Amino acid sequence: MGKIIDGKAAASAVRARVKSEVENIIAAGGRKPCLAVVIVGDDPASRIYVRNKVAAAREAGMESRLEDLPASVSQDELISLVNGLNADPEVDGVLVQLPLPSHIDESIIIDTIAPSKDVDGFHPLNVAALQLGRECILPCTPAGIIHLLYREGVQIEGKRAVVIGRSNIVGKPVAKLLLDRHATVTLCHSRTRDLGSVTREADILVTAVGHAGLISADMIKEGAVILDVGMNRSADGHLCGDVDFEGCIGKASLITPVPGGVGPMTIAMLLQNTLKCYKRHVEGA
Ligand code: NAD
């Protein structure tokens with residue numbers, strides 16, 4: 001029987017560490033780190049994510065500014081707002097919740113965020129720095145996955161890692177982070193033929209697809225480490241991942257549940273990124 005990776009506990013530990021660092025900064029007379037979160041429109045899921053991010057920043061003792069804009073806001077108005085946050089010396093991190101309404105070009109907005117305040121790690125300069133193996137702000141979910149692997153003492157070097165999903169926010173960056181840690185990495189996607197023949201080779205399997213039940217027990221290797229990023233609703237309305245958890249837990253050595261696995265790490269890493277941006281900001285780096 002595999003061990004369940006407790007993402008909630010891992011995230012709580014990161015959040016407690018960030019909170020204690022913030023307390024020390026304030027006790028030493030420093031300014032509070034500040035995260036600005038921008039939401040456009042009324043997408044219910046985005047509203048929940050944003051509320052959680054703002055609450056988590058405040059819970060960590062940070063300042064959190066919410067910029068709540070109607071769906072009718074123009075692209076130019078949004079660019080002006082982001083530029084204002086970029087220029088504001090009291091703001092350390094800027095996050096624009098995606099997706100944006102269809103009349104706004106997401107790429108242009110991401111490009112507008114100052115790379116030094118890009119707490120999501122989505123700006124092209126941060127993406128390029130990650131590809132080049134240079135110092136950068138890591139995207140939160142991939143960073144959270146690597147954190148979980150370290151916390152569980154999983155050796156990455158020399159292992160066969162398979163990542164399913166090639167999005168810019170999860171699949172591609174997590175594949176790069178595993179490669180940097182000397183795994184032999186295969187990236188699968190919707191056109192991959194005979195997915196099972198690839199996943200059965202995986203010592204470490206990361207799934208970021210959004211398809212409940214995509215990975216069944218016959219598709220994994222005995223003793224595999226499984227990190228399930230997928231967030232889906234099952235037929236009975238429950239939140240579930242891409243992996244058949246009940247079927248795979250007996251065969252995996254380590255496995256993340258959904259909910260309570262990779263998910264909680266995303267916000268924890270966002271707070272860590274905000275603190276990192278703050279430190280660079282006050283040090284003028
Ligand atoms: P996406 O939705 O942009 O793309 C899905 C990817 O899956 C694509 O690269 C596609 O090629 C691949 N894919 C689709 N069908 C496939 C198939 N049958 N076989 C193999 N690959 C297939 O990706 P995303 O934005 O990274 O989101 C993926 C999932 O992760 C979603 O369920 C999302 O909700 C979840 N997610 C969770 C977190 C979190 O837990 N914090 C963060 C981001 C995304």
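The values are calculated or read from the model by the stated rules, or taken from the named source; none is laboratory data. Every value quoted in this text rests on a predicted model; they were computed, and no experiment measured them. Every residue, glycine among them, receives a Cβ derived from its backbone with ideal geometry; neighbour counts consider all protein chains shown. Protein only, heavy atoms only, side chains kept; ligands, DNA and RNA dropped before computing areas. Shrake-Rupley method; radii C 1.70, N 1.55, O 1.52, S 1.80 Å.
Take the conditions open to solvent by less than 70 Å² (accessible area, probe 1.4 Å) and either under 29 Å from residue 239 (Cβ atoms) or not acidic (Asp, Glu) (or both) and apply them to residue 70. Does it pass?
Taking the combined requirement at face value, the residue does not satisfy it.
Filter the stretch 65-108 down to the residues that are outside any loop (DSSP other than H, G, I, E, B), under 19 Å from the mean Cα position of the chain (by Cα) and closer than 30 Å to residue 284 by Cβ and list them by number.
Across the stretch 65-108, the qualifying residues are 93, 94, 95, 96, 107.
If the Cβ limit is 8 Å and pairs must be 6+ apart or interchain, which residue in the stretch 1-30 that is open to solvent by 70 Å² or more (accessible area, probe 1.4 Å) pairs with which residue that is in a loop (DSSP other than H, G, I, E, B) and hydroxyl-bearing (Ser, Thr, Tyr)?
Pairs that qualify, where the first residue is open to solvent by 70 Å² or more (accessible area, probe 1.4 Å) and the partner is in a loop (DSSP other than H, G, I, E, B) and hydroxyl-bearing (Ser, Thr, Tyr), are 3/253; 4/256.
Would you mention how many residues in the stretch 145-185 are of a type in the set (Gly, Ala, Ser) and more than 18 Å from residue 122 (Cα to Cα)?
Going through the stretch 145-185 one residue at a time, the tally reaches 4.
Can you list residue pairs whose Cβ atoms sit under 6 Å apart, with the first residue in the stretch 258-285 being touching a residue at least 40 places away in the same chain (Cβ under 8 Å) and the second being polar (S, T, N, Q)? Count only pairs 6 or more apart in sequence or on different chains.
Listed pairs, sorted by first residue: 262/256; 266/141.
If residue 191 meets every condition in (1) over 30 Å from residue 129 (Cβ atoms); (2) free of Cβ contacts under 8 Å to residues at least 12 places away in the same chain; (3) within 14 Å of the ligand (Cβ to nearest atom) apart from one, which number is that one?
All conditions pass for residue 191, except number (1).
Of the numbered conditions (1) of a type in the set (Asp, Glu); (2) open to solvent by less than 70 Å² (accessible area, probe 1.4 Å); (3) closer than 30 Å to residue 250 by Cβ, residue 88 satisfies every one except a single condition; which is it?
(3)
I want to confirm something. Restricting to the stretch 194-220 and keeping residues that are within 21 Å of residue 140 (Cα to Cα) and of a type in the set (Val, Ile, Thr), which single residue is nearest to the ligand (Cβ to nearest atom)?
209
Restricted to the stretch 139-170, and to residues that are more than 16 Å from the ligand (Cβ to nearest atom) and not charged (D, E, K, R), which residue is nearest to the chain's Cα centre (by Cα)?
In this case the residue turns out to be 150.
Only one residue in 234, 253 is surrounded by fewer than 19 Cβ atoms within 10 Å (Cβ to Cβ) and more than 14 Å from the ligand (Cβ to nearest atom), so which one is that?
253
Having 3 or more residues that are in contact with a helix residue (DSSP H, G or I) (Cβ under 8 Å, 6 or more places away or on another chain) is the bar; report the helices (runs of 4 or more DSSP H) wholly within the stretch 175-285 that clear it.
Output list reads 195-199, 263-282.
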